[in-house]
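One structure is given here, and the rest of the page talks about it.
The values are calculated or read from the model by the stated rules, or taken from the named source; none is laboratory data. Please read these numbers as outputs of a predicted model, since none were measured by experiment. Note that we place each Cβ from the backbone using ideal geometry, even for glycine, and neighbour counts take in every protein chain shown.
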Amino acid sequence: MKSALSVLLLCFLLASCGEKKSVKAEEAVETEKTIQERAEADDIDAEAQYELGARYVNGQGVPESYAEAVKWWRKAAEQGHALAQSALGDMYCIGEGVPESYAEAVKWYRKAAEQGDAVGQYNLGAMYSLGAGVQKDMAQATKWIRKAAEQGHLDAKEWLKKNAKEKGE
């Protein structure tokens, strides 16, 4: 499950790689303030809350804090932000910033998966395949992992290939 968090963090880092490297330090500080202000503004900006949570995980412009990441991701997740739901599931799965709880991880992965989030779909399928937080159910595992694979999720594609070989397909 740590690979899902790693993928999420890698995606966040890759998304920020395209930014101009010549941005002045003052502008970077202003950007941080803007995200913080948006996130705190009446709890309505789920995207800013998600971004702020990711910054806390990475220690990007703020002190690294999994508990703070969880706080902001939960606010975004409760508003239906699929990436935040998946990220919150990761935190429960690995017990970072919150007590480890596979059942709680499954809850958040399911919310993300039902919105079409490929990472949430893959992780929900993985939980079914392991019987972690849910009763083991390979049909459900395959269903969710196939949905992720259809969106191009590489780990999901590999899981399906491996599973097909084991079944002799």
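With respect to the conditions (1) aliphatic (A, V, I, L, M); (2) in a helix (DSSP H, G or I); (3) surrounded by 14 or more Cβ atoms within 10 Å (Cβ to Cβ), ALA139 lacks only one, and its number is (3). Could you list, in sequence order, the residues of region 127-136 that are in a loop (DSSP other than H, G, I, E, B), at negative phi and not charged (D, E, K, R)? Once the filter is applied, which keeps residues that are in a loop (DSSP other than H, G, I, E, B), at negative phi and not charged (D, E, K, R), region 127-136 yields ALA132, VAL134, GLN135. Among the residues that make up region 115-136, is at least one of them more than 28 Å from ALA67 (Cα to Cα), out of contact with any Gly (no Cβ under 6 Å at 6 or more places or on another chain) and surrounded by fewer than 16 Cβ atoms within 10 Å (Cβ to Cβ)? The answer is yes; a qualifying residue exists. For region 59-100, which residues satisfy the criterion of being in a loop (DSSP other than H, G, I, E, B), free of Cβ contacts under 8 Å to residues at least 12 places away in the same chain and among the charged types (D, E, K, R)? Selection gives GLU64, GLU100.
Does GLY80 satisfy the condition of being modelled with pLDDT under 95 and either of a type in the set (Gly, Ala, Ser) or under 14 Å from GLY53 (Cβ atoms) (or both)? Judged against the criteria, GLY80 is not a match. Screening VAL106 with (1) at pLDDT below 95; (2) closer than 28 Å to TRP159 by Cα gives one miss only, at (1). Being in contact with a Ser or Thr (Cβ under 9 Å, 6 or more places away or on another chain), part of a loop (DSSP other than H, G, I, E, B), within 18 Å of LYS143 (Cα to Cα) and without any contact (Cβ under 8 Å) to a residue 60 or more places away in the chain is a condition met by at least one residue of region 101-118.
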